[in-house]
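Have a look at the structure below, then the notes.
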Amino acid sequence: MTGTWTLEQTLRHDRLIVAIGIATVVAFSWGYLLAGAGIDMSMADMPMDPEPWSLAQAGLMFAMWWVMMVAMMVPSAAPTILLFTAIKRRQATTDSPVVASWLFLAGYVVIWAGFSLVAVSLQWGLDQAGLLSGMMASTSTVLAGAILLTAGLYQFTPLKHACLHYCQSPIMFLSWYWKPGTLGAFRMGLLHGGYCVGCCWFLMALLFVAGVMNLAWVAAVAIYVAFEKLLPRSQWLSRAAGVALIVAGVLFLAFGATAFASH
């Protein structure tokens, strides 16, 4: 009886340390975004011709995207990480559950760093084409409509549902992809991050519609992602969001085509 109580106390202690660490990372990430992510937004509403990016500017944009992905996605990954911590402790191996959990998280955010690199490349292309405003929102209703429509259609694809299935069930993911050792924890984080990217990458593209630095929109997408991944049997939510995005996309494309024809 005493041994069981001691184990439970140790499990809670490990999970508490990891939970506080995750909360701290997320809090600092949101703080960085709220502080402007190092970007001068005072001239965001002023029309300017596209200019070539410097290496420093590209690095700043990459940092902004990566920190934004951490702020948006790590909270919804927390249940999987905390369950991993508990299982790791129960195995009673020489590996530290807390260290292993941080390696799991590190693998997870590395995958989102890769996504951020792709997002920055896309942003650069759109910016050089004159299709983004100072707030990094689409200046083209046709582009915005295409993003909305494609994101809505993606909600109904088998790939979306397969990735969401693993994101929604930490137990299933950990049972299928458990790997021993500290390197195994990192690899599991990579795998889980891959499923999350597959689940949410088109939702992140929606940031180009209302503005990458529109933090209200960023928070709204983050909250939706959390609901979709954490609510039980949330397939109805995915389908409802898909329908809403498709309708919005069609309306944007219709108005965009009308505006183009009027010119």
Go through F202, F208, F252 for me and flag whichever is of a type outside the set (D, E, K, R), farther than 30 Å from P97 by Cα and in contact with a strand residue (DSSP E or B) (Cβ under 6 Å, 6 or more places away or on another chain).
-> F208
Verdict on V120 being under 27 Å from V250 (Cα atoms), at pLDDT 90 or above and in a helix (DSSP H, G or I) | yes
Residue check for K160: assigned to a helix (DSSP H, G or I) and modelled with pLDDT under 95 = yes
Helices (runs of 4 or more DSSP H) contained in the stretch 173-263 and holding at least 3 residues without any contact (Cβ under 8 Å) to a residue 12 or more places away in the chain | 215-230, 235-262
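Yes or no, residue by residue, for (1) basic (K, R); (2) modelled with pLDDT of 60 or more; (3) outside any helix (DSSP H, G or I):
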position: L7; (1), (2), (3): no, no, no
position: T10; (1), (2), (3): no, no, no
position: L16; (1), (2), (3): no, yes, no
position: S29; (1), (2), (3): no, yes, no
position: Y32; (1), (2), (3): no, yes, no
position: I39; (1), (2), (3): no, yes, yes
position: M43; (1), (2), (3): no, no, yes
Per the filter on the stretch 124-143, residues of a type in the set (A, V, I, L, M), within 22 Å of the chain's Cα centre (by Cα) and crowded, with 17+ Cβ neighbours inside 10 Å are L126, L132, M136, A137, L143
Is there a residue being under 14 Å from D14 (Cα atoms) and either modelled with pLDDT of 95 or more or of a type outside the set (A, V, I, L, M) (or both) anywhere in the stretch 98-109?
-> yes
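The values are calculated or read from the model by the stated rules, or taken from the named source; none is laboratory data. Fair warning: this is a prediction, and the values are worked out from it, not measured in the lab. We place every Cβ from the backbone using ideal geometry, glycine too, and count neighbours over all the protein chains shown.
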